[in-house]
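Enquirer: What follows is a single structure, and I will ask about it in a moment.
The values are calculated or read from the model by the stated rules, or taken from the named source; none is laboratory data. The model shown is predicted, which means the values in this text are computed figures rather than measured ones. Note: ideal-geometry Cβ built from the backbone for every residue, glycine included; neighbour counts use all protein chains shown. SASA here: full protein model, heavy atoms, side chains in, ligands and nucleic acids out. Shrake-Rupley method; radii C 1.70, N 1.55, O 1.52, S 1.80 Å.
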Amino acid sequence: MKASQIAVSMMVMFMMMEVCVAVTCSPVQLSSCVSAITSSVPPSKLCCSKIKEQKPCLCKYMQNPTLKKFVDSPNARRVANTCGTPFPKC
């Protein structure tokens with residue numbers, strides 16, 4: 001695993017205690033998307049299902065300075081669009 005992937009995974013783990021309406025917001029649930037977000041690898045089916053599950057939480061994640069640079073990156077938006085889950089307007 002690349003150092004950047006490990007760093008992202010660790011940051012996501014530390015942020016997993018946030019709560020949203022009707023969904024348990026847990027950035028660690030998006031860890032299956034790390035390789036797709038940090039490279040040009042296509043997202044896995046698991047990644048796509050987790051993005052769809054966590055979509056109600058994406059605006060909240062973008063308010064967190066630690067997560068924003070990953071969640072609001074062009075690659076993260078590309079992955080979400082590839083999965084058929086465009087980012088909400090926050």
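Enquirer: What's the carbon and sulfur percent of the stretch 17-90's accessible surface, probe 1.4 angstrom, rounded to a whole number?
Expert: Using a 1.4 Å probe with all protein chains present, the stretch 17-90 comes out at 60 percent carbon and sulfur.
Enquirer: How do 30-41, 57-68 rank on mean C-beta neighbours within 10 Å, highest first?
Expert: Peptide ranking by packing, descending: 30-41, 57-68.
Enquirer: Round to a whole angstrom and tell me the spacing of the C-alpha centers of the stretch 23-62 and the stretch 69-86.
Expert: Distance between centres, Cα-based: 9 Å.
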